[in-house]
Amino acid sequence: MVFTCYLCEKETVYVTRFCSPCNELKRILAIYGAEECRDILKRVCIRGQDQRDYKISAELKKEITGDYPKKRLTPVKNRDTDESYIKTRSKSEKNNKSKSSD
């Protein structure tokens with residue numbers, strides 16, 4: 001028989017009642033308990049009114065001041081002055097020529 005996953009109601013399952021991701025969640029609920037998992041989800045995933053107000057004010061402040069976090073850039077060697085490629089290549093070409101002449 002073909003069933004729909006009881007938890008997400010999106011996946012089609014054939015043998016069990018839960019799809020693989022939902023079965024994993026079910027096992028976590030069995031280990032830690034429904035009450036503790038619910039508390040963790042409320043603390044981590046759901047924002048309270050104070051948290052929403054703070055996030056809104058912080059985003060507005062960034063928009064007004066233009067103070068966005070700057071991306072960290074990794075330094076790139078200057079290709080005009082970096083001759084390590086030429087030196088490496090010339091050494092490898094010499095080795096190839098000496099091997100081919102043998």
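Looking at Cys19, Cys37, which is the one that is surrounded by 10 or more Cβ atoms within 10 Å (Cβ to Cβ), of a type in the set (A, V, I, L, M, F, W, C), touching an Asp or Glu at 6+ places or on another chain (Cβ under 6 Å) and at pLDDT 60 or above?
Only one candidate qualifies: Cys19.
What do you reckon, is Glu9 surrounded by fewer than 10 Cβ atoms within 10 Å (Cβ to Cβ), modelled with pLDDT of 80 or more and part of a loop (DSSP other than H, G, I, E, B)?
In short, yes.
The values are calculated or read from the model by the stated rules, or taken from the named source; none is laboratory data. Note that the structure is predicted; figures quoted are calculated from it, not measured. Heads up, the Cβs are rebuilt from the backbone with ideal geometry, glycines too, and the neighbour counts pull from every protein chain shown.
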